[in-house]
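A short write-up of the structure that comes next.
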Amino acid sequence: MLPALEGTRGCAVLVRSTIPHCRVAAPVHCGDGVEVLALELQVGGLLLLVYNIYRSQRHQLEAGELLSLASHSSVLVAGDLNAHHPMLQSPSPTNETGRHLAVLLEDIPHVRLLNTGEATHTRGGRLDLILVSSDLAADAIWQVHPTLNSDHFATLTSLPVAPPVPPRPPPRWNIRRADWSRFQTSLDEWWADYQPPDDIHQQERDPTAAIQTAATTAIPMCAPSRRHRTDWWYYNDEVREHNHRVNLHRKLYKKRPNPNNLRLLQEVVARARQVSLRAKEDKWLERCATFSQHTSLGQMWRSVRTASGAAPPHPAAHPHPQQEAERLATIFTSRGSSNQLPLHTRLTQQQLQPHCDEAVREAMEVAGMTDRPFSLQEMQQAKRRGRDTATGADGVPYSMLAHTGPAGDAALLATLNASWTAGRLPPAWKEADIQPIHKPREPSKLRPISLLSCLAKTAEKRVLARLQWHIGPSHPHIFGYTRGVSTADNILALMTHINHRPTVAVFIDLEKAFELASPHSILDALVKKGVQGRMLAWLRDFLQHRRASVRFQGHKSSFQEMENGTPQGSILSPLLFNLLMEQLVALPFHTGTVLLSYADDLALMVTGKGNKLRKTQQALDLISEKCQDLGLKISAEKTRAMMLKAADPAWQLRVQGIDLAWTNSYQYLGAARGSAEHRHEDHAGSSEVDQCMRHAE
């Protein structure tokens, strides 16, 4: 937008967010006092230079340099030029600007006028002109909008642009038609003559290639189907919340199949259907309200097909998918950069790192109880036999690993033990294939989904079992990623601690906690837990020098290294992240002060005698200082404080010098907590949570 200043009108160009565009910082000079706003648009395979111009009657237009751009660029010039000349089909007397444009149109063959002579002003004038490059003019369509107007009519210009066709996804294995007997025979024949090499990288690649070859001979390929949700056109936050409740109750009934949980599940399903039906009806009525005498029959039929469950339109292909893949890779990997941390946190990390590295080196030299190689039985226990999930870059799903047979098991075991003995992972086990998807609430933004090798995750599962056995159970205030513990247990612990007493509650937001988790801090926590020898060496290599590439519309970016973070989608990541959270919840707080953790959701509760606000501030200072040591970043802007059953706060709580915002209610782990008048029934995450809250209250 070019804002209107004193003596000017201003210019604006609105561009759909899905169209790649950028503003031209230094547009071509078109005359003193002439207002110009220029953009570059990537429309399909066309790079279009758009100029929006306004010339008042007291200024002179100089368009020679601008129109000359049409000789080597695709240009569209639009605006109120106040130009009059018979060549411009203007009924008004010729003026200087009209003669200037007429001469340019005769001298520059690469530009054409699209106007047909139809009036663009309510008084019959032809003031608004559209000039385009001659290569676009032949099939361009220009018309005046019949109803959209002020003193000027809006004009519509359509240019012939062929949109780039997104590449078709590669074919996939049709696992349902797999001949597993033939698959195992192929692996047996390969293993009979195979001699494992000394190189770990090659030792991982060989079994992977053998599995892929066996799959080619025993499993047919099929074209990937484009899956879609039939509720995509009316899906909203309310529908999402009730669908989430249905999933929670299904898990609850599967975990505890009793008549009461069955009744709860049926009630939640019925309620979710009612909500979806109402949302569908409201969205349909909203669409119908937009229909008018100008709505085309084709648009109406498209709306009917959409309401009947038709797939959404294909997303537009990006004009430069390779460059976009590289750009996304840079953005996603930069989220874990130490530059995201405050300066004082980075300095603290630099000071602590030599000590951490020395402690890790010393512990690695000590033989540990878990140093022995893995057994065949351990490998077979790790092989997942459930539903297939998305695979890494190798394309090998869990179902193939489950049917590798004795030969495949022996090959995978040899690879794992070679990696375990060397204390190093094959490079492919440390590489992530990132697939960006649109965020449900912000479709214009992309969320990275990290896909890892199923073979690597199978190896991680065996390492996880040994690690859990070695370090023992988590701190009782750790609820996330813990077997047999759910959000309901966290809510119950929170309510039990409050127990109708005056309480100061602070819900702490850790910014990019999983991406910024420091590998050095995690390794230091492992050393403090007594992890030594090969396991510590293997985990150190697991956390460091990981790489990721982005796959976008059939194109793959180059690999970029990830400085910090626990790998998304990894089997080991939840436990390793909990080790950091355990150091926070175990801080030496005052009596009556507890910190609860569910993943990166932290809740600080302060009760008991004495000045609770002072004790809360002291606890926040402890947590903030420890977060600096661990390389974590507290978002003071998103952290919220709350007074429960107590008077309004006498002073402000602060984190890292920033005042915290006070609130009357807060939705923690899907359950709303606050005073009775601020709590809403629809905020409850599940009936199990509701029961815990009622029991505690």
Checklist entry - When you go through (1) under 30 Å from Pro86 (Cβ atoms); (2) touching a residue at least 40 places away in the same chain (Cβ under 8 Å); (3) under 39 Å from the mean Cα position of the chain (by Cα) one by one for Ala154, which number turns out not to apply? => result (2)
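I need the full set of residues from the range 183-196 which are assigned to a loop (DSSP other than H, G, I, E, B) and more than 21 Å from Ser453 (Cα to Cα), in order please.
At the first step, the residues of the range 183-196 found to be assigned to a loop (DSSP other than H, G, I, E, B) are 193-196.
Within the range 183-196, Asp193, Tyr194, Gln195 meet the criteria.
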Item to check | Candidate set: the range 652-694, residues that are at pLDDT 80 or above, assigned to a loop (DSSP other than H, G, I, E, B) and touching a Leu at 6+ places or on another chain (Cβ under 6 Å); chosen: the one surrounded by the most Cβ atoms within 10 Å (Cβ to Cβ) | outcome: Leu660
Next on the checklist: Taking the condition of being in a helix (DSSP H, G or I) and free of Cβ contacts under 8 Å to residues at least 12 places away in the same chain, how many residues in the range 601-635 meet it?
Outcome noted: 3
Next on the checklist: If a residue must be within 32 Å of the chain's Cα centre (by Cα) and of a type in the set (Asp, Glu), how many such residues does the range 406-428 contain?
Outcome noted: 0
Checklist entry - What is the number of the single condition among (1) touching a Cys at 6+ places or on another chain (Cβ under 9 Å); (2) crowded, with 22+ Cβ neighbours inside 10 Å; (3) modelled with pLDDT under 95 that Val504 does not meet? => result (1)
Item to check | Residue among Val13, Val50, Val75 that is touching a strand residue (DSSP E or B) at 6+ places or on another chain (Cβ under 7 Å) and not assigned by TED's automatic domain parsing to the domain that holds Arg123 | outcome: Val13
Checklist entry - Of all residues in the range 257-295 being assigned to a loop (DSSP other than H, G, I, E, B) and surrounded by 11 or more Cβ atoms within 10 Å (Cβ to Cβ), which is modelled with the lowest pLDDT? => result Thr295
Checklist entry - Of the residues in the range 582-635, how many are among the hydrophobic types (A, V, I, L, M, F, W, C) and crowded, with 20+ Cβ neighbours inside 10 Å? => result 16
Item to check | Condition check for Thr421: outside any helix (DSSP H, G or I), of a type in the set (Ser, Thr, Tyr), in contact (Cβ under 8 Å) with a residue 60 or more places away in the chain and not assigned by TED's automatic domain parsing to the domain that holds His244 | outcome: no
Item to check | Enumeration of residues in the range 176-187 that are buried (at least 16 other Cβ atoms within 10 Å of the Cβ) and not β-branched (Val, Ile, Thr) | outcome: Ala178, Trp180, Phe183, Gln184, Ser186, Leu187
Checklist entry - Any residue at all in the range 539-557 that is touching a Phe, Trp or Tyr at 6+ places or on another chain (Cβ under 7 Å) and assigned to a helix (DSSP H, G or I)? => result no
Next on the checklist: What pairs come out if I take residues in the range 526-547 that are without any contact (Cβ under 8 Å) to a residue 24 or more places away in the chain and pair them with residues that are not in a loop (DSSP other than H, G, I, E, B) and not basic (Lys, Arg) whose C-beta lies under 9 Å away, six or more apart or interchain?
Outcome noted: Lys528/Ala359; Lys528/Leu579; Lys528/Gln583
Item to check | Criterion: surrounded by fewer than 17 Cβ atoms within 10 Å (Cβ to Cβ) and free of Cβ contacts under 8 Å to residues at least 40 places away in the same chain - qualifying residue of Arg58, Arg9 | outcome: Arg58
Next on the checklist: Please go through the range 636-651 and give me each residue that is touching an Asp or Glu at 6+ places or on another chain (Cβ under 6 Å) and surrounded by 15 or more Cβ atoms within 10 Å (Cβ to Cβ), ordered by number.
Outcome noted: Thr639
Checklist entry - So, in the range 572-600, of the ones that are under 28 Å from the mean Cα position of the chain (by Cα) and not in a helix (DSSP H, G or I), which residue ends up farthest from Leu620 (Cα to Cα)? => result Leu572
Checklist outcome for this item: Checked pairs for the range 460-483, first in contact (Cβ under 8 Å) with a residue 60 or more places away in the chain and in a strand (DSSP E or B), second surrounded by fewer than 19 Cβ atoms within 10 Å (Cβ to Cβ) and of a type outside the set (A, V, I, L, M, F, W, C), C-beta under 9 Å and 6 or more apart or across chains, list as Ile478/Glu582
Checklist entry - Somewhere in the range 137-149, is a residue within 25 Å of Leu69 (Cβ to Cβ) and more than 42 Å from the chain's Cα centre (by Cα)? => result yes
Next on the checklist: Here's a check for you: in the range 370-401, which residue that is among the aliphatic types (A, V, I, L, M) and surrounded by fewer than 18 Cβ atoms within 10 Å (Cβ to Cβ) is farthest from Ser450 (Cα to Cα)?
Outcome noted: Leu376
Checklist entry - When you go through (1) of a type outside the set (Phe, Trp, Tyr); (2) at pLDDT below 95; (3) crowded, with 22+ Cβ neighbours inside 10 Å; (4) within 30 Å of Ala329 (Cα to Cα) one by one for Leu576, which number turns out not to apply? => result (2)
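The values are calculated or read from the model by the stated rules, or taken from the named source; none is laboratory data. Here the structure is a predicted model, which means the values were calculated and not measured. Neighbour counts are summed over all protein chains in view; Cβ atoms, including those assigned to glycine, are modelled from backbone coordinates with ideal geometry.
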